[in-house]
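*Asks:* I'd like to ask you about the structure that follows.
What follows is calculated from the coordinates using simple rules that are stated; it is not laboratory data. These numbers come from a predicted model, not from an experiment. Virtual Cβ from ideal backbone geometry, glycine too; neighbours counted across all protein chains shown.
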Amino acid sequence: MKKSVLLLLMAFAMLACKNDSQNDQENIQTETDSTDTVKEMEFKVVDSKYINNDSLWMPFESALANFSETRYNEVKDLVFEKPIPEIQEAVKSGKLSYEEIALFYLKRIKKYDRNNELSLNSVIALNPDLLKEAREKDEQLKKNPDHNPIYGIPVLLKDNIDAEGMPTTAGAAALQENNANDAVIVKRLRENGALILGKANLSEWAYFFCGECPSGYSAVGGQTLNPYGRKILDTGGSSSGSGVAVAANLAPVAVGSETSGSILSPSSQNSVVGLKPTIGLLSRGGIVPISSTLDTPGPMTKFVVDNAILLSAMTGIDKKDPASAAAGKDARDYYKDLKEVVLTGKRFGAIKALMKDTLYMRAVNDLKNAGAEIVEFEAEDIDLPNFTRLLNLDMKKDLPAYFQNYGGDVDFENVGDVVEYNNQDSLKRAPYGQALFLGILKDSATAEEFAAIKDTLRRNGTRFFEKPMKEHNLDAVLSINNYHAGYAAVAKYPAITVPMGYSSDNHAPEGLTFIGRPFTEQQLLNWAYTFEQTTNRRQTPDNYNE
């Protein structure tokens with residue numbers, strides 16, 4: 001079976017995390033021949049057939065031409081691999097401007113993202129008004145120096161999140177004209193002063209489309225590639241472009257979305273910090289859906305501090321989103337309460353089957369040395385029946401609702417319309433097929449059956465965590481990458497992954513993942529921050545340092 005198919009099955013059917021083959025399944029390992037030469041992954045399509053580079057860069061040509069290499073390197077010293085608070089200090093001291101920060105990232109995107117031997121294909125679109133908006137931030141700062149920490153910071157959005165001035169394609173050719181108003185979280189970002197840098201590539205339709213496609217592929221964006229092993233290591237999905245762009249310093253921070261593993265997977269596989277919040281903490285209004293039951297946006301950043309800042313800038317109740325309204329969580333400043341905490345007395349559960357992973361074992365010992373109590377336990381073998389059916393049935397109703405309530409001027413009403421459109425030119429629009437969309441069309445259930453599916457999944461997912469947490473009085477469960485994302489998804493538990501190192505054989509990144517009870521984001525951020533500050537394991541990808 002192809003490794004891309006294994007990844008998809010793990011993300012949606014939850015076949016991983018229960019046996020000793022997890023590490024081989026979840027991380028795409030380097031293949032070697034008899035001479036131990038690394039083989040590249042094979043893709044049907046690498047470069048986009050839809051992005052027009054001339055149009056993409058036209059709004060920025062003059063400004064980039066005047067942004068000298070000397071000034072680029074001076075800005076680089078202040079911005080590259082720096083957390084947001086340090087960047088803001090440099091701005092306030094007069095060493096650089098928000099316009100120069102925007103130019104710095106534009107220059108890096110132009111240099112590294114497309115049509116060269118290092119291209120990553122992580123960005124689909126750029127905000128044509130970026131530099132004008134950055135100059136406005138510079139002027140406003142002179143009049144009022146006190147702003148939200150996200151003020152003036154360019155933010156890259158996964159391209160299933162609506163933002164004015166750029167189409168929201170979900171990577172699909174069908175949605176190239178989907179020009180919509182800002183999603184609710186984008187409105188919050190703008191209100192707090194963030195600059196919208198552009199749109200990130202993704203696994204098309206958030207990896208619930210083709211079945212046989214590799215993670216990181218979309219018709220519009222082409223094949224996203226991992227900067228730690230270009231065409232060798234998998235990017236993870238579906239927020240592939242968000243993870244890759246942040247890892248390679250093409251954006252300071254990015255927003256992803258997760259149904260089951262779609263933030264945790266690309267974050268861990270690109271050595272960045274990714275938080276999947278509790279369902280309802282952040283609005284889903286104006287985000288192309290898979291499942292109104294499980295979907296959530298979330299922050300993807302190089303540093304935990306940036307994660308807290310970006311999360312805070314997106315919070316707030318959306319009365320039109322039932323999950324947000326039910327959660328009732330007002331805007332909150334997670335950055336203000338972020339701190340390196342004493343772990344003495346904290347009890348973390350380590351899953352025994354994962355202790356064969358040397359990076360996980362080292363991370364567990366790091367926490368133990370920092371004072372935490374580690375309790376090893378055998379994870380219960382719990383099924384998640386009808387998981388794919390839940391996604392089928394949700395998307396069958398949620399995508400039409402998006403088109404009706406949020407989508408731009410597109411001539412589609414449902415999944416069937418998209419399938420028909422793709423069939424008109426399947427080689428270009430769906431080269432890997434559209435098996436999962438066809439599965440949506442075939443699936444149906446009564447309201448009672450659907451409710452029973454959701455109830456069983458919720459109970460089973462909750463039991464997976466609550467049984468050991470209650471038996472051993474645990475504060476959180478420790479996992480790797482997105483190994484247990486399916487259980488966290490259906491239980492609606494938050495999770496954060498933070499870089500914990502790189503495998504010895506192929507330098508594949510891995511993340512230590514903390515999973516906690518609903519609405520424990522502050523504790524998760526503090527624990528992740530403590531681990532990060534104690535270990536400092538993230539490394540910049542080698543070929544993207546200039």
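*Asks:* May I ask you to order 294-300, 315-321 by the average number of other C-beta atoms within 10 Å around their residues, highest value first?
*Replies:* My ranking of the peptides, most packed first, is 294-300, 315-321.
*Asks:* Moving to a separate point now. How many percent of Cα pairs in the stretch 401-514 exceed 24 Å?
*Replies:* Distances greater than 24 Å cover 57 percent of the Cα pairs.
*Asks:* For a quick protection proxy, order the peptides 330-339, 217-226, 76-85, 280-289 by their average other-Cβ count within 10 Å, most packed first.
*Replies:* 217-226, 280-289, 76-85, 330-339
*Asks:* Report the gain in length on full extension from residue 73 to residue 420: 0.36 nm times residue separation, minus Cα-Cα distance, nm rounded to one decimal.
*Replies:* Difference between extended and current length: 120.0 nm.
*Asks:* For residue 428, project a label point 7 Å along Cα to C-beta. Then give me every residue of the stretch 49-79 with its amide nitrogen under 20 Å of that point.
*Replies:* 49-56
*Asks:* Next question. Report P(r) for the stretch 316-360: all Cα-Cα distances, bin width 5 Å, range 0 to the bin holding the largest distance, values in whole percent.
*Replies:* Final binned percentages: 5, 15, 10, 10, 13, 14, 15, 14, 4, 0.
*Asks:* Contour minus end-to-end for residue 361 and residue 546, with contour as 0.36 nm per residue of separation and end-to-end as the Cα-Cα distance?
*Replies:* Fully extending the segment from residue 361 to residue 546 adds 63.2 nm.
*Asks:* Equivalent-ellipsoid semi-axes (√(5λ), Cα gyration tensor) for the stretch 131-191, whole Å, largest first?
*Replies:* That gives 28, 11, 9 Å for the three semi-axes.
*Asks:* Quick one: check the C-alpha center-to-center distance for the stretch 278-345 versus the stretch 403-438, whole angstrom.
*Replies:* 30 Å
*Asks:* When the Kirkwood radius is taken over all Cα pairs of the stretch 245-321, what Stokes-Einstein diffusion coefficient follows at 4 °C and 1.567 mPa s, in µm²/s?
*Replies:* Rounded to a whole number, D works out at 103 µm²/s.
*Asks:* If each DSSP helix of 4+ residues adds -39,500 (n - 2.57) and the sum is divided by the residues in the chain, what number results at 222 nm, nearest 500 deg cm²/dmol?
*Replies:* Value at 222 nm, helices only, nearest 500: -11500 deg cm²/dmol.
*Asks:* Using 1/(1 + (r/R0)^6) with R0 = 25 angstrom and r between the beta carbons of residue 455 and residue 319, what's the FRET efficiency to the nearest 0.05?
*Replies:* 0.45
*Asks:* Further question on the same structure: Assuming R0 = 22 Å, what is the FRET efficiency of residue 191 and residue 401, from their Cβ-Cβ distance, to the nearest 0.05?
*Replies:* 0.30
*Asks:* A follow-up question, please. Could you size up the charge dipole of the stretch 247-351 around its Cα centre, putting +1 on the beta carbon of Lys and Arg and -1 on that of Asp and Glu, and report it in debye to the nearest 20?
*Replies:* It works out to roughly 200 debye.
*Asks:* Where the convex hull is taken over the Cα atoms of the stretch 200-306, what is its projected area averaged over directions, in nm²?
*Replies:* For the stretch 200-306, averaging the hull's shadow over all directions gives 6.4 nm².
*Asks:* Given 123, 140, 96, which one lies farthest toward the positive end of the charge dipole of the stretch 89-183, if we put +1 on the Cβ of every Lys and Arg and -1 on the Cβ of every Asp and Glu?
*Replies:* 96
*Asks:* Right, something else. Name the residue from 440, 307, 503 whose Cα lies farthest towards the positive end of the charge dipole of the chain, charges +1 on Cβ of Lys and Arg and -1 on Cβ of Asp and Glu.
*Replies:* The listed residue farthest towards the positive side: 307.
*Asks:* If you don't mind, another one. Let a ≥ b ≥ c be the square roots of the eigenvalues of the Cα gyration tensor of the stretch 474-536; is it rounded (a/c under 1.5), or, if not, prolate (a/b larger than b/c) or oblate?
*Replies:* It is oblate, given that a/c is not under 1.5 and a/b is not larger than b/c.
*Asks:* Taking the Cα centre as origin and putting +1 on Lys and Arg beta-carbons and -1 on Asp and Glu beta-carbons, what dipole magnitude results for the chain, to the nearest 20 debye?
*Replies:* 800 debye
*Asks:* Looking only at the chain, where both bridge partners belong to it, what percent of the DSSP beta bridges are antiparallel (to the nearest 5)?
*Replies:* 65 percent
*Asks:* Compute the length gained on full extension between residue 44 and residue 176: take 0.36 nm times their separation in residues and subtract their Cα-Cα distance, giving the result in nm to one decimal.
*Replies:* Taking 0.36 nm per residue and subtracting the Cα distance, the gain is 45.4 nm.
*Asks:* With Cβ to Cβ distances under 14 Å as the rule, what net charge do the other residues near residue 111 carry (K, R +1; D, E -1)?
*Replies:* Once all neighbours under 14 Å are counted, the net charge is +1.
*Asks:* Once Rh for the chain is found with the Kirkwood sum over Cα pairs, what is the Stokes-Einstein diffusion coefficient at 37 °C and 0.692 mPa s, in µm²/s?
*Replies:* My calculation gives 143 µm²/s for D.
*Asks:* Something else now. Using the C-alpha atoms of the stretch 73-174, what convex hull volume per residue, in cubic angstrom, is computed?
*Replies:* Spelled out: Cα convex hull of the stretch 73-174, divided by residues, is 116 Å³.
*Asks:* If packing is taken as the mean number of other Cβ atoms within 10 Å per residue, what is the order of 93-103, 129-139, highest first?
*Replies:* Per-residue Cβ counts within 10 Å, averaged per peptide and sorted highest first, yield 93-103, 129-139.
*Asks:* Oh, and also: Once Lys and Arg get +1 and Asp and Glu get -1 on their Cβ, which of 363, 351, 322 lies farthest toward the positive end of the dipole of the stretch 320-368?
*Replies:* Of the options given, the answer is 351.
*Asks:* If you put +1 on each Lys and Arg Cβ and -1 on each Asp and Glu Cβ, how big is the dipole of the stretch 334-429 around its Cα centre, in Debye rounded to 20?
*Replies:* So the dipole magnitude of the stretch 334-429 works out to roughly 520 debye.
*Asks:* Answer rounded, prolate or oblate for the stretch 297-452, using the Cα gyration tensor with square roots of eigenvalues a ≥ b ≥ c: rounded when a/c is under 1.5, else prolate when a/b is larger than b/c, else oblate.
*Replies:* Prolate shape, in that a/c is at least 1.5 and a/b is the bigger ratio.
*Asks:* How far is it, in nm, from the label point at residue 344 to the one at residue 369 when both lie 7 Å from their Cα along the line to the Cβ?
*Replies:* For the pair residue 344/residue 369, the computed spacing is 1.9 nm.
*Asks:* Set the Förster radius R0 to 35 Å, insert the Cβ-Cβ distance between residue 381 and residue 533 as r into 1/(1 + (r/R0)^6), and round the FRET efficiency to 0.05.
*Replies:* Calculated value: 0.45.
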